[in-house]
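Written below as structure tokens is the structure these notes are about.
No value in this document is a laboratory result; all are computed from the given coordinates. All values reported here derive from a predicted model rather than from experimental measurement. Here the Cβ positions follow ideal geometry from the backbone for every residue, glycine too, while neighbour counts run over all protein chains shown.
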């Protein structure tokens, strides 16, 4: 399988956007923060061709591009076995596209007006294998993922469990959640296991989507 994990040293990013000015702005911004732009692409097709020759740590791509857009490029990337983390640039009106991208295997989304420090943090998080779901609008998630009464949680959630679910939605690791809530990392791990069991899900991403649907978060 292709795809690299974040290696020591600068994170190498592939930048894809059909607007040259946007790419130039992002390149300057990221380089100022010590992130290396391995290459730029003006669309999904060019991105896929370049990735076949030059692996990177993270793909930063616009979700809306003419021709092969960010989601189609992501689907093709995963279809050929490339698991390079993909962070998609989006706007608030892209809720349906965000859901499609989640299903296609995107690791996260970043709003186009995000602050520079948020951009860097998001790239670092997905490079570490985390998933960022925060920009997903809850209403379309609930419309897409409807659960019957039988799918309701087995037990009610405590305030602490809800807090941990919200941090999971933000892509935080057990260690980071422990630090934020002043808990032992082992305690957080136990909480996460309990949350997955209550929601009858196998992983954190599905747990967050189901929790949004059931209005737990």
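What to note about this one:
- Each 5 Å bin from zero up to the one holding the largest Cα-Cα distance in region 174-217 carries the following percent of pairs: 5, 25, 25, 22, 19, 4.
- Sites residue 155 and residue 121, calculated FRET efficiency, Cβ-Cβ separation with R0 30 Å, nearest 0.05: 0.35
- 5 Å-binned pair-distance histogram of region 145-213 (Cα, whole percent): 3, 18, 31, 25, 14, 5, 3, 0
- Available extension along the chain between residue 206 and residue 78 is 44.2 nm, counting 0.36 nm per residue and deducting the alpha carbon span.
- Extending 7 Å from Cα along the Cβ direction at residue 173 and again at residue 22 yields two label points whose distance is 3.1 nm.
- Anisotropy class of region 1-83 from Cα gyration tensor, a/c 1.5 cut: oblate
- Added length on full extension, which subtracts the Cα-Cα distance from 0.36 nm per residue, residue 189 to residue 49: 46.4 nm
- Cα gyration tensor, region 12-136 - rounded (a/c under 1.5), prolate or oblate: rounded
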